[in-house]
1. Here are some residues: Leu68, Leu114. Which one is part of a helix (DSSP H, G or I), surrounded by 15 or more Cβ atoms within 10 Å (Cβ to Cβ) and assigned by TED's automatic domain parsing to the domain that holds Lys182?
2. Can Gly133 be described as of a type in the set (Gly, Ala, Ser) and in a helix (DSSP H, G or I)?
3. Between a residue in region 15-26 that is closer than 12 Å to Ala132 by Cα and any residue that is among the small types (Gly, Ala, Ser) and outside any strand (DSSP E or B), which pairs come within a Cβ distance under 7 Å, given they are 6 or more apart or on different chains?
4. Farther than 30 Å from Ile403 by Cβ, surrounded by fewer than 21 Cβ atoms within 10 Å (Cβ to Cβ) and among the hydrophobic types (A, V, I, L, M, F, W, C): which single residue out of Ala271, Ala278, Ala246 fits that description?
5. Return the residues of region 385-406 that are in a strand (DSSP E or B) and either aliphatic (A, V, I, L, M) or over 31 Å from the mean Cα position of the chain (by Cα) (or both); say none if nothing qualifies.
6. Filter region 1-34 down to the residues that are within 18 Å of the chain's Cα centre (by Cα) and not in a strand (DSSP E or B) and list them by number.
7. Are any of the residues in region 183-201 assigned by TED's automatic domain parsing to the domain that holds Ala59, surrounded by fewer than 20 Cβ atoms within 10 Å (Cβ to Cβ) and closer than 22 Å to Ala246 by Cβ?
Amino acid sequence: MLLKYFYDQRLAQASYLVGCAATGEALVVDPARDITRYLETAEAEGLRITHVTETHIHADFVSGGRELAAQTGAALYLSAMGDENWQYTYDDGNVRLVRDGDIWMVGNVKVEVLHTPGHTPEHIAFMITDTAGADQPMGIFTGDFLFVGDVGRPDLLEEAAGMVGTADVGAHLQYHTVARFKDLPDYLQIWPGHGAGSACGKALGAIPSTTLGYEKLFNPAFQFNDEEAFVNWLLDGQPEAPRYFARMKHVNKVGPLLLRDVPAPAHLDRAALDAALANGDLVIDLRHADEFADAYLPGSISIPHTDGSYINYVGWFVDYACPTYLIVPETALTEILVAMRSIGVDQIAGYCTPDVISGETATLYRVDANELAARAQHNDLVILDVRGASEYSAQHISGAQNIPLGYIPNRLNDLPRDHTIVTQCASGYRSQIAASVLRKYGFTAVINLNDNTQAWAQALPTEQN
């Protein structure tokens, strides 16, 4: 048996290829939308992809299951364990619906389905046995059920898709799924669907894999014997779910567009971009933060592609019903389009290169922590902490107001327009995005605190909630 691991740092998302060397068949688990690496790996290993599967209807990225099955002719194995709200609704003639206890073979590799509800109702995991040399399983692809040091959050349906009451139900289901895994052998390897940085849990580890025995010892989820205590712990302190998650649930349920049907964006001139800005369309400037601060086009927002998680912030602000425009270095265009399409931003009406930044431009004023401390006694300053609620509770600048970054467009009325607003986060990255968003919505007196937590904690008084 051959096992290959793939990791998308931007989305903290893991996928896997399992191959049988004897028969040349291969299975891909939870593929991303860009399927190039699976095809190249299979070819390099002398394998053909005959089976594709996914653990659940994903919320944080567009699944590549449909894309990969369409290009390879592989059978696509999808969960039939959800209720009427969480059933896949597409079938290209290659879909095999599977349930708890179902088994199929990939050459000599046995794949057994385990229903693992909690993160979502239809969630399944895959127990793998290499029958060429063993009659007991080696490990489990746990998707978004079990991570290193954590388990999947159960509140995404409620938080992102507006399905009221599902968080508590999901948390109880997750408790019973954990209990089921307590009875499985400690030696089983665990291959999770995400790593540190994913919003699908609150404390994911950065190690790519683990063992079930290790998780039983040290994962907090396995330490509970009281169901209500587990539920309270699981629902407490979950990070804010990006707004685009609801869209991903829909896209992956009804079937993503095949990439051959996604139009390529046009290379626009300044006049076309000015028209988009005048129309109030979303224009994302992906240049370096310093470049944007020095000169930007009013109405555009700054989301520098230099941060590994930039696509998550794009997902907070993109409107899937409207066109999106990009300002992007030509050399980074291909990589950025792959990232955009990974969260379903297919309606990119056009892009411009940085040479359009000329003529009438604006600048974004930035200060460091010491400069802010010198001005902090002024009554006209409002410090806006745009980190997550749990980050704010742990430590924040005294008197700072907390509105997590993605919530700002819906909370504009909570901010005074007759004061200077200082945006602040843990590094200056999110706060620059926030400052540019406020400028887009007409706030004229905005300053970005371009400094890290250590610097502002030393220069300014702080407190905890």
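The values are calculated or read from the model by the stated rules, or taken from the named source; none is laboratory data. Keep in mind that this is a model prediction, so the values were computed, not measured. Here Cβ is always computed from backbone atoms with ideal geometry, including for glycine, and neighbour counts include all displayed protein chains.
1. Unique residue meeting the criteria: Leu68.
2. For Gly133, the condition - of a type in the set (Gly, Ala, Ser) and in a helix (DSSP H, G or I) - is not met.
3. As it stands, the answer is Cys20/Gly107; Ala22/Gly107; Ala22/Ala132; Thr23/Gly107, since those pairs meet every condition given.
4. The unique qualifying residue is Ala271.
5. The answer is Ile397, and nothing else.
6. Gln9, Arg10, Leu11, Ala12, Asp30, Pro31, Arg33, Asp34
7. yes
Here is a yes/no grid of residues against (1) assigned to a loop (DSSP other than H, G, I, E, B); (2) of a type in the set (A, V, I, L, M, F, W, C); (3) buried (at least 18 other Cβ atoms within 10 Å of the Cβ); (4) free of Cβ contacts under 8 Å to residues at least 24 places away in the same chain:
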position: Arg341; (1), (2), (3), (4): no, no, yes, no
position: Leu372; (1), (2), (3), (4): no, yes, yes, no
position: Ile383; (1), (2), (3), (4): no, yes, yes, no
position: Pro416; (1), (2), (3), (4): yes, no, no, no
position: Ile421; (1), (2), (3), (4): no, yes, yes, no
position: Arg430; (1), (2), (3), (4): no, no, yes, no
